[in-house]
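Written below as structure tokens is the structure these notes are about.
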Amino acid sequence: MTTTSELKQGYYDSAPIADNRTTGWNYMRKPGSAYQAGDTYYLTSYDAVRYAQRNPEIFSSAKAFDAISAVVKLIPLAVDPPEHKRYRRILDPMLAPKMIDRIEDRLRDQVRELIDAFATTGRCDVVQDIALKFPTQAILTLFGLPLEDLQQFLDWVDALIGGAVAELAAPSEAQMTAALGLFGYLQTHIERKRANPGDDMLSDILSLSGDDAWEDSEVLGLGFLFVLAGLDTVTATIGFTMMNLAENEQLRRAIIADPDLIAPFIEESVRLELPAPLTPRITTEEVEVDGLTIPADSRVMLVLATANREPENSDHPDTIDIEDPVSHLSFGGGVHRCLGSHLARRELRLTIEEFHARITDYHIPEGFTPQVVFPGGTLHLDSLPLEFTVE
Ligand code: HEM
């Protein structure tokens, strides 16, 4: 179904997503595979989203971050091809599964320690006790930064992404203070690691030479993007995956009995409950998608959430089936596909494995309904209390 009808500004913000994503994303698909609402164009079908992802010269990511780039250039998200390729050629191998293997034991110890802290108490809050801390520990570990800096890092992140990423173009005082704190911190460690490299990703980037060598401003832009893209996304996803397991005992039992099912479960959970459901682009020229003419310089949202739930693509578009995982776009696609997807998947797997190593019988307390924070930047749960049998 395609339509060119114009809907009102704020159509997305009024979607009923907080209570029920099936209803919410169906609402977003309803007007068609490509439509305009206010000054924004939405592409909602799998094919339309893939078309935009495969044509980055028409659907620019760099332009979508023009305003923020005046403050800090988010590398490599705010860079278009062909320049973009130089960064990914260097970065992709640094975040490949083999490289994550190198830090897996340390990550496992970190999440185990977080779980041990409440394992004998019979209750926890997954968001507060695990999901807020573990992704930051993972990035500090990847970059070779001291874990003692966790709380300081969490405070900066909280101030920075308390609002939407787009707001960083016109930062509040609190955001500015946090950004300057983070910049100063990264700069100090860049200097330290240039003088004294370690066995970590930051040192690997700083040791590049010749045409591959990076300026400090590029390293800062990457560090800043990792904070914006690699923390609250994983925090949100840990909350959602544990929510799905707590709500579905049969699913939980199946995964505990056969850990090989953890991987397809993670894919299905991330397909249906994704933290970054829309990715922004700006058109560089007039383009037609599914009969809709989109002028040059238009803001286009690629709705990954609806593309993931296309009825034509599976017979269970809105439900988890670990025997039949559906391919999804929750990590994006095309040149800007998520750089941290292997790390994110590993963090999710380690959380589930270590949780189930200690706690297998758990549920959401009666009377509590998990609420997705919406509208806002990243879709996430503020809280996920669990009660469990101490084993
Ligand atoms: C479940 C967790 C995550 C989800 C759902 C997610 C989702 C995404 C999506 C949808 C994109 C594409 C953005 C676009 O096309 O505009 C993206 C890009 C990116 N992500 Fe992730 N992400 C996650 C975790 C991470 C982590 C842990 C890191 C860092 C270690 C990370 C780093 C990045 C970077 C650097 C990009 C930009 C890539 C480029 O422009 O070439 N992400 N992510």
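Tell me which helices (runs of 4 or more DSSP H) are completely within segment 1-114 and hold 1 or more residues being of a type in the set (S, T, N, Q) and free of Cβ contacts under 8 Å to residues at least 24 places away in the same chain, or say none if there are none.
21-29, 66-69
Considering segment 248-294 alone, what residues qualify as being away from the ligand (no atom under 16 Å from the Cβ) and touching a strand residue (DSSP E or B) at 6+ places or on another chain (Cβ under 7 Å)?
Selection gives GLU286, VAL287, VAL289, ASP290, LEU292, ILE294.
Looking at THR177, is it of a type in the set (Ser, Thr, Tyr), surrounded by 18 or more Cβ atoms within 10 Å (Cβ to Cβ) and either within 16 Å of the ligand (Cβ to nearest atom) or farther than 20 Å from LYS73 by Cβ (or both)?
Here the answer is no, as THR177 does not meet what is asked.
Does GLY367 satisfy the condition of being outside any helix (DSSP H, G or I), under 21 Å from the mean Cα position of the chain (by Cα) and on the phi > 0 side of the Ramachandran plot?
Taking the combined requirement at face value, the residue does not satisfy it.
Could you grab me the full set of residues in segment 234-247 that are closer than 19 Å to LEU150 by Cβ and either more than 9 Å from the ligand (Cβ to nearest atom) or touching a His at 6+ places or on another chain (Cβ under 9 Å) (or both)?
Of everything in segment 234-247, those that are closer than 19 Å to LEU150 by Cβ and either more than 9 Å from the ligand (Cβ to nearest atom) or touching a His at 6+ places or on another chain (Cβ under 9 Å) (or both) turn out to be THR235, ALA236, GLY239.
Has segment 197-206 got any residue that is more than 21 Å from VAL72 (Cβ to Cβ), within 16 Å of the ligand (Cβ to nearest atom), in contact (Cβ under 8 Å) with a residue 60 or more places away in the chain and not aliphatic (A, V, I, L, M)?
yes
As an exercise: evaluate PRO317 against (1) away from the ligand (no atom under 16 Å from the Cβ); (2) touching a residue at least 12 places away in the same chain (Cβ under 8 Å) and give the number of the one condition it does not meet.
The one condition PRO317 does not meet is (2).
For every residue, the table says whether it meets (1) surrounded by fewer than 16 Cβ atoms within 10 Å (Cβ to Cβ); (2) more than 14 Å from the ligand (Cβ to nearest atom).
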site: PHE65; (1), (2): no, no
site: ARG86; (1), (2): yes, no
site: ARG108; (1), (2): no, yes
site: ASP116; (1), (2): yes, yes
site: ALA131; (1), (2): no, no
site: GLN152; (1), (2): yes, yes
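Every read-out reported here was derived from the displayed coordinates using simple, explicitly stated rules and does not represent laboratory data. All of these numbers come straight from a predicted model, not from anything done at the bench. Here Cβ is always computed from backbone atoms with ideal geometry, including for glycine, and neighbour counts include all displayed protein chains.
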